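Here's the structure, in structure tokens; my notes come after.
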Amino acid sequence: MDAERWWSTWAPLWDLIEDRHFGTRPTESLIDQIESDVLIIGAGQGLIVRYLAARGYHAVGLDINHSMVRISKEKHNLDMVEGDALHLPFKDQLFNTVVISSGVVDYGADKTAITAFIREAIRVCLRGGKIFIAFYRIPVSIEKIYKKIGVIDLDDVYHMKRIFEINEIAEKNPVRCATPIQKWTGKGMARVYFEWAIVGLTQPREFMAERKWINNIFEAGKEMGLTKQALIDSVPDTLPYRTKSSIEKLLGGIEIDYKEITEFDDCTVVTIDR
Ligand SMILES: C[S@@+](CC[C@H](N)C(=O)[O-])C[C@H]1O[C@@H](n2cnc3c(N)ncnc32)[C@H](O)[C@@H]1O
């Protein structure tokens, strides 16, 4: 999975993307548990760093992607460091709160990498501090549709690229979506038509808003000279879709003690007391 290509290609459009998954809403919900100094790992262009700084926190961001770090510095003059969550360039117990943003463990699919990310976050966190680890989650009403149409398959594999592919087909002729859905799900064609027709007839608000968001991104990309195809091509094909119970299982399997797992609308956050 080449997530690096995705981050780099989409970096110029990040203003439209960054407040999703571990964004400002979960941060606000956790604010009473966040103490300075804060490290955000996978900070992107620094939305959370800025959000916390505006509330008086000293927050430092770290991101592996050069374009993200460069743009965050150019646009917002932020305290951002280029580096890998696997080897944090900080000494032990430097931060009171450490956040591993969504989009970091989500791509470190194997247990060894995830263990290393978490161990590093624990190392740089002061004893008595807190570590938050965010996993992707999709709002329930959209998740239901994605499961029906095979964007999330029966093995909880999230085929992210299919979102953009199906949107493209739906924009031209929604009826033609039945063919890829049938291929992705293996369901009978009659059932596929029926279920897809229900989506079309009921037009769930969040799902339609998601489609509008995708089209806005493509429009913004076009203005910057980024073609739709280049954007779609860079989206990772698959990543694991981790539910609360699979996160529990994952953490149990790598012997990480945690305090709680909280489900927000579009991310799931694990809290560890250091
Ligand atoms: C979904 S984005 C973060 C979005 C976040 N809401 C924000 O503040 O903008 C995930 C970020 O994690 C970064 N990332 C992924 N793997 C990483 C790693 N191993 N070390 C550091 N950063 C990483 C990516 O470059 C990307 O910018």
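Total residues in the range 1-34 satisfying the condition of being out of contact with any Phe, Trp or Tyr (no Cβ under 6 Å at 6 or more places or on another chain) and closer than 30 Å to Gly225 by Cβ: the figure is 21. Among the residues making up the range 29-48, those that are part of a loop (DSSP other than H, G, I, E, B) and either at pLDDT below 95 or near the ligand (Cβ under 7 Å from one of its atoms) (or both) are Gly42, Ala43, Gly44, Gln45, Gly46. Exactly one residue among Glu35, Glu74, Glu18 is without any contact (Cβ under 8 Å) to a residue 40 or more places away in the chain and either surrounded by 23 or more Cβ atoms within 10 Å (Cβ to Cβ) or farther than 30 Å from Arg211 by Cβ (or both), and that residue is Glu74.
Return the only residue of Asp265, Asp156, Asp237 being at positive phi and at pLDDT below 95. After applying the criteria, what remains is Asp156. Glu165 satisfies every condition listed in (1) of a type in the set (D, E, K, R); (2) assigned to a helix (DSSP H, G or I); (3) without any contact (Cβ under 8 Å) to a residue 24 or more places away in the chain except (3). All conditions but one from (1) surrounded by 13 or more Cβ atoms within 10 Å (Cβ to Cβ); (2) assigned to a helix (DSSP H, G or I); (3) in the same structural domain as Leu126 (by TED's automatic domain parsing) apply to Asp265; the one that does not is (2).
Okay, residues lined up against (1) among the small types (Gly, Ala, Ser); (2) within 13 Å of the ligand (Cβ to nearest atom); (3) at positive phi; (4) in a helix (DSSP H, G or I):
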residue	(1), (2), (3), (4)
Thr27	no, yes, no, yes
Arg50	no, yes, no, yes
Gln93	no, no, yes, no
Asn96	no, no, no, no
Gly103	yes, yes, yes, no
Tyr107	no, yes, no, no
Ala121	yes, yes, no, yes
Gly128	yes, no, yes, no
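Of the residues making up the range 1-25, those that are hydrophobic (A, V, I, L, M, F, W, C), in a loop (DSSP other than H, G, I, E, B) and near the ligand (Cβ under 9 Å from one of its atoms) are Ile17, Phe22.
The values are calculated or read from the model by the stated rules, or taken from the named source; none is laboratory data. Values in this document were obtained by computation on a predicted structure and should not be read as measured data. With ideal geometry, Cβ positions are generated from the backbone for all residues, glycine too; neighbour counts draw on all protein chains shown.
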